[in-house]
Every structure is written in structure tokens, then in C-alpha cells.
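Colleague: Would you mind keeping the following structure in view while I ask a few things?
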Amino acid sequence: MSLKQYLQFKLSQKLSPQQIQLMKLIQLPTQAFEQRLKQELEENPALDTGKETDTSEDGFDEFDNSADDFNDNETIEAEDINVDEYLSDDEIPDYRTQANNYSSDDEEKRVPYAAGTSFTQHLINQLNTFRLSEQEEEIAYFLVGSVDESGYIRRSLSDITDDLAFTQNVYTTEKEVEKVLKVVQQLDPAGVAARNLQECLSIQLSRKEQHPDVELASAIINKAFEQFTKKHYKKLMQKFSVNEAQLKDAIEEIERLNPKPGGSYAGNNKIVEHIVPDFAIKIVDGELELTLNGRNAPELHVSREYNNMLKGYKDTKEKSKAQKDAVLFIKQKLDAAKWFIEAVRQRQQTLFVTMSAIMHYQKDYFLTGDERKLRPMILKDIADEIDMDVSTISRVANSKYVDTPYGTKLIKEFFSESMTNDQGEEVSTREIKKILETVIEDENKKKPLTDEALSKILKEKGYPIARRTVAKYREQLDIPVARLRKEL
């Protein structure tokens with residue numbers, strides 16, 4: 001193969017810009033898709049939205065794949081604009097995307113914000129109740145500004161001292177900064193402006209009403225924090241000369257504390273993220289019913305005004321250069337509008353077909369909610385089922401959520417590798433993880449099971465898994481090692 005032929009072959013393998021855009025559209029979850037739609041409507045005046053015909057809004061209706069013909073009054077009769085050039089060789093049926101198949105979804109579409117005073121302002125308001133010199137006040141404000149969203153100051157005092165000099169023209173010492181920090185640490189919520197977890201817990205305990213349990217808890221945090229975090233309970237009992245019941249009461253006091261004092265403050269003006277499910281699965285008369293969120297199915301059409309401009313141009317006998325330039329611009333915008341409408345339709349179809357295949361593949365799970373009934377399923381299984389590319393399935397699975405009778409789930413959670421049990425049957429690793437989770441939940445917390453012991457139990461249940469695999473699954477489930485699961 002010559003270099004020229006090779007380059008031509010390589011170029012032919014590349015996706016067109018339109019295909020790349022379509023892939024990006026497929027990847028977008030509902031809220032991001034709405035933003036993309038809004039952007040396109042703002043940028044292309046030839047694209048219109050809104051109802052042109054009566055449509056059903058009966059909530060979640062059955063998905064209907066019938067294609068409506070593009071309305072005659074929306075067809076461009078001037079020189080042909082071949083949309084096929086902008087897409088693949090697939091048949092392109094309709095440009096009207098609204099059909100009686102989606103939920104009207106009356107949910108509030110804007111992302112709500114937490115109301116009230118910001119966390120920083122809340123702290124500054126409290127500073128005004130302290131008597132501070134002008135310099136101390138500037139340091140205090142700077143320290144408050146350094147508090148992160150969890151309520152901590154993660155920077156060293158030397159860095160803060162240098163920053164005060166370089167950015168605020170406040171020349172001070174680490175000793176003075178630490179003195180002002182102790183004032184800031186008196187603010188609410190208790191534990192705010194701590195430099196680490198140990199200091200955060202210590203501040204909270206010092207603010208509590210003092211009695212033997214709190215005093216022992218303070219001693220543990222201040223003098224034996226490492227032994228506490230590693231759950232060396234026997235060493236703690238020896239160090240503080242206390243029995244198991246006393247230690248347990250002190251630990252309960254510590255467990256009531258807030259490790260993230262900033263996170264509990266509702267008025268920190270962070271965006272409250274709400275997951276908007278892209279699909280809904282319901283059980284109707286013992287059968288599964290899938291619907292696509294109506295917000296993924298906008299009513300789009302080519303602007304009638306732009307169509308009329310082209311028709312007017314066609315009817316004009318003598319065409320000036322300005323008119324020709326204008327019609328080229330119009331045709332360009334119309335092409336883009338028609339392509340976007342078709343891309344949205346393809347996105348809808350791809351999402352629905354993919355999720356439908358996943359739903360049927362995992363039918364036993366969706367009918368029962370029992371995670372042990374999840375079949376082993378990889379991206380290729382679904383790709384082969386619906387004759388699509390694995391990358392397309394990945395784009396749908398990684399960023400979309402489905403509302404099920406058992407809660408809202410991320411679609412990629414339904415995918416898992418397989419292993420063979422002692423009966424020679426293929427089982428999902430999700431099934432094994434669920435069993436592992438259940439075994440750990442039911443263990444004696446005074447003597448938690450080691451990974452070796454867990455491996456033996458799973459083998460007895462018919463899942464021959466090595467200790468290192470148990471450790472891997474345990475870590476994926478975010479479950480600590482046996483020693484850290486120990487309770488008194």
C-alpha cells in the first residue's frame with residue numbers, strides 16, 4: 001500500500017464532525033442535554049422549538065418508534081439541501097421529534113441553590129462579637145477566608161503568615177496568627193477552622209459539658225489519637241486505666257461529633273445537585289415498562305420564517321449578489337438546524353434502544369430488586385444485542401440514571417464481570433460482592449472476619465475466591481480491614 005493510499009484509508013476511518021457531535025450528545029445526561037439544546041437554540045435562529053400540533057401529555061406513555069413525516073410546510077422547496085451529507089448513510093425519516101412516547105416531566109428544570117447567608121459570611125458575622133485590634137481583625141478575616149467547604153484550614157501557619165504579608169500588606173508572626181486562630185476556632189459550628197481531624201474533634205469535646213465520658217474522650221483524642229484510629233482498644237484501656245464499658249461510653253461520645261463541621265451548614269451557597277433520571281422503569285401487570293424522560297424529547301422544527309426566506313428567494317427572478325450571499329447563510333443555518341434535529345432524534349432512539357436491551361438482559365433483577373439476580377453483563381453483550389458500537393453503549397451507561405422501583409440507579413452499576421461458581425455456572429461479581437457485604441454485616445463485630453476467613457465462608461457458599469480477590473472486592477465496597485471494623 002502506498003503512503004497516499006494509506007493516508008486516504010486512515011482518513012476514511014475518521015468520524016465526521018457531525019458524528020463526533022452526535023456521540024457527544026448521546027453522552028450528555030438530561031440536565032446537560034437541556035443546556036446544550038438551549039445553546040443551540042440561541043446560536044441558530046433557523047432552529048425553533050414549541051408546539052405546532054397537539055401532543056399527548058399523559059405522563060409516561062409507551063414508547064412509539066413510528067416515524068411521522070416532516071410537515072409539508074416545513075419542507076424546504078428551494079434548491080435541495082442534502083442533510084445526508086451531514087450524517088451517516090442511515091435512512092433519515094422525520095425531522096419532527098415529538099411523538100406520544102415520553103413523559104411530560106413537570107419537574108422544576110432549574111438547579112436549585114441553597115438559600116441564606118454564605119458559610120464565610122456566617123463566620124464573619126460572628127467575628128463582630130469579639131474585641132480585636134485592627135491587625136487581629138484583618139488576620140481573622142483572612143483565616144475565615146481560608147476555611148474550606150468542610151470547615152478546615154488546610155494550610156500551614158507559615159504559608160498564611162507569608163500570604164498576609166504579600167497579599168494583604170499585614171506583617172505578623174506565626175505566633176500572632178495562631179493566637180487569632182484560637183479566636184476563630186471559638187466560632188460556630190464547633191470544630192470550624194481546625195487544621196486536622198484530631199484538632200477538630202478536640203475543639204468539639206472542649207465545648208461539651210464536662211463529665212467523665214467526655215473527659216476520657218478528650219484524653220483519647222489529645223493523647224492517644226493514633227491508637228484510637230487504629231482501634232487498639234486493649235492498649236487504650238491499659239493507658240487510661242479504664243474498663244471496657246468506660247471506654248465504650250467515651251467512644252460513643254466521639255462518634256457523636258461532626259468530622260466535617262462546614263459540611264453541615266446549609267447556607268454555604270453550594271449548588272444542590274439533584275439527579276434527574278434519564279429513564280424510568282415501572283412494573284405494570286407483572287411486566288417491565290420503560291420510558292425516556294420527556295425532557296430528552298424536545299419539540300424541534302425548522303424555523304418557518306427561514307423557510308419562507310428561501311421560498312421568497314426562489315420566486316425572485318433577478319437575484320442580486322447580496323441576496324445570493326444571504327441565501328447561502330440561510331441554507332447553512334437550515335442545514336445545521338436539520339442536522340441538529342436529526343441528531344436529537346438519533347440520540348433519543350439510541351438511548352431508548354440501549355436501555356431497553358439492558359432492561360431485558362437484567363429482567364430478573366428489575367422485577368425483584370434482588371442484586372443477586374444481576375446477570376454478568378459487559379458492554380459488548382449489549383453492543384452485540386443491538387448491533388451498536390461498544391463506545392456508544394459506554395457513553396449511555398457511564399452518565400445516565402434510571403428511576404426503578406428500588407431507587408434511582410446509575411446504569412453502569414448493572415454491568416459486571418463474571419466468575420464461575422463450584423457448580424460451573426457463570427455468576428456476576430456483583431452477586432458475590434452482595435453476599436460478601438451481607439456476611440460482613442452479620443459478623444461478630446467484637447471479632448471481625450479476616451479476608452482469609454471471608455474467603456473460606458464464600459467457598460462454603462459455592463464461590464471459590466482467593467483471599468486477595470476478597471480483599472479487592474472489600475476495597476471496592478469501601479469496607480475497611482477486619483481490625484478497623486472492630487467494636488467494643
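Colleague: Keeping all protein chains in place, calculate the accessible area per residue for region 299-409 (probe 1.4 angstrom), answer in Å².
Modeller: On the way: 5250 Å² over 111 residues.
That works out to 47 Å² per residue.
Colleague: Let me ask another. Quick one: pull the percent of accessible area on region 365-480 belonging to carbon and sulfur, 1.4 Å probe, ligands and nucleic acids left out. Spell out each step's value before the answer.
Modeller: Details: 2640 of 6280 Å².
Result for region 365-480: 42 percent of the exposed heavy-atom area is carbon or sulfur.
Colleague: What whole-number value in Å² describes the accessible area per residue of region 139-202 for a 1.4 Å probe? Each step should come with its number before you reach the end.
Modeller: Working: 2980 Å² over 64 residues.
Ligands and nucleic acids excluded, the figure is 46 Å² per residue.
Colleague: In whole Å, what are the Cα extents of region 364-488 along the three principal axes, biggest one first?
Modeller: Ordered largest first, region 364-488 gives principal extents of 52, 32, 26 Å.
Colleague: Sorted by packing (mean other beta-carbon atoms within 10 Å per residue), highest first, where do 196-208, 454-466 land? All intermediate terms of the calculation are to be shown ahead of the outcome.
Modeller: Details: 196-208: 18.8, 454-466: 16.3.
With the highest mean Cβ count within 10 Å placed first, the list reads 196-208, 454-466.
Colleague: Roughly to the nearest percent, how much of the accessible area of region 125-263 is carbon and sulfur, given a 1.4 Å probe? Don't skip to the end; give the middle numbers.
Modeller: Numbers: 3520 of 7690 Å².
Carbon and sulfur together cover 46 percent of it.
Colleague: Calculate the all-directions average of the projected area of region 134-271's alpha-carbon convex hull, and give it in nm².
Modeller: Values: hull surface 39.8 nm².
Hull-based average projected area comes out at 9.9 nm².
The values are calculated or read from the model by the stated rules, or taken from the named source; none is laboratory data. Not measured: the values here are computed from a predicted model. Don't worry about glycine lacking a Cβ; one is built from the backbone with ideal geometry, like all the others, and counts go over all protein chains shown. The area values use the complete protein model at the heavy-atom level, side chains included, leaving out ligands, DNA and RNA. Shrake-Rupley method; radii C 1.70, N 1.55, O 1.52, S 1.80 Å.
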